[in-house]
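Below is one structure, written out as structure tokens; the observations come after it.
Readers should treat all values here as calculations from the given coordinates under stated rules, not as data from a laboratory. Fair warning: this is a prediction, and the values are worked out from it, not measured in the lab. Counting neighbours? That spans all protein chains shown, and the Cβs are built from the backbone with ideal geometry, glycine included.
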Amino acid sequence: MNVRAIYPGTFDPMTVGHADVAERASRMFDELVIGVAASRSKNPFFTLDERVALARRITESLGNVTVRPFEGLLVDFAAAANSQVVVRGLRAISDFEFEVQIAGVNRHLAPKVETVFIAAAQEYTFLSSSIVREVAGHDGDVSDFVHPIVVEAFNRKYERAGRTGRRPTPES
Ligand code: COA
């Protein structure tokens with residue numbers, strides 16, 4: 001049986017932590033569809049098109065991964081994608097309560113949809129998209145947290161020269 005899973009999120013932007021979860025999920029399932037949620041209520045920094053384009057570039061080497069935008073309910077996206085498996089990454093115990101709540105709502109709405117949790121790699125447990133946006137917004141170095149094309153995307157947004165290295169020290 002061909003199992004297609006979806007990995008939903010706002011991905012504003014996709015971090016190395018998200019990419020790690022996507023890569024591991026792609027090895028667990030025959031196909032993985034990354035669903036980039038419009039998440040209008042979160043007022044995302046990157047547009048939906050930009051978030052989709054970045055996620056596509058970041059995962060392009062994974063042969064069984066596709067990236068699609070979605071609006072509306074996750075369970076409707078799962079049905080449209082012909083999938084009954086939702087993958088979510090868990091970074092810390094603090095994620096657990098919220099994630100179990102979402103999984104419960106989704107199971108109530110669509111009983112056949114199962115949520116599978118993947119433990120985020122230890123070194124990325126502190127990471128979140130908002131932390132990355134915060135650091136990048138102050139011209140800090142986010143190159144350890146995101147793919148180089150995301151660094152470029154931040155630089156374009158902030159109309160900065162293409163500095164991707166560390167903030168210069170006062171004596172440099
Ligand atoms: N590495 C780094 N960061 C991670 C991470 C990982 N492995 N896993 C989660 N995060 C972070 C994200 O960066 C994000 O950080 P931020 O909020 O500080 O920017 C945070 O955890 C949660 O983001 P994300 O995983 O993208 O989830 P989300 O809460 O934005 O989106 C949806 C969750 C899209 C799945 C959910 O909102 C949804 O299903 N929406 C559709 C509407 C719906 O069906 N609602 C009913 C169910 S509630």
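Points worth noting:
- 0 to 90° range, to nearest 10: angle between helix 48-59 axis and the chain longest Cα axis: 90
- Computed helical MRE - 222 nm, the chain, DSSP H runs ≥ 4 contributing -39500 (n - 2.57), nearest 500: -12000 deg cm²/dmol
- Cβ-to-Cβ counts within 10 Å put Leu109, Leu127 in ascending order as Leu109, Leu127, the fewest first.
- Estimated Rh, the chain: Kirkwood, alpha-carbon pairs, angstrom: 16.8
- Dipole magnitude of the chain, debye to nearest 20 (Cβ charges: Lys/Arg +1, Asp/Glu -1, about Cα centre): 220
- Within the stretch 75-111, backbone nitrogen closer than 15 Å to the virtual label 7 Å beyond the Cα of Thr66 toward Cβ: 77-84
- Among Phe29, Phe117, a tally of other beta-carbon atoms within 10 Å of each Cβ gives an order, fewest to most, of Phe117, Phe29.
- Long-range amide H partners of Val85 with built H, under 5 Å: Ile6, Glu114
- The angle between the Cα long axis of helix 93-109 and the longest principal axis of the Cα atoms of the chain comes to about 40 degrees, rounded to the nearest 10.
- Cα long-axis angle, helix 148-157 against the chain (0 to 90 degrees, to the nearest 10): 70
- Fully extending the segment from Thr115 to Asn2, taken as 0.36 nm per residue of separation minus the present Cα-Cα distance, adds 39.0 nm.
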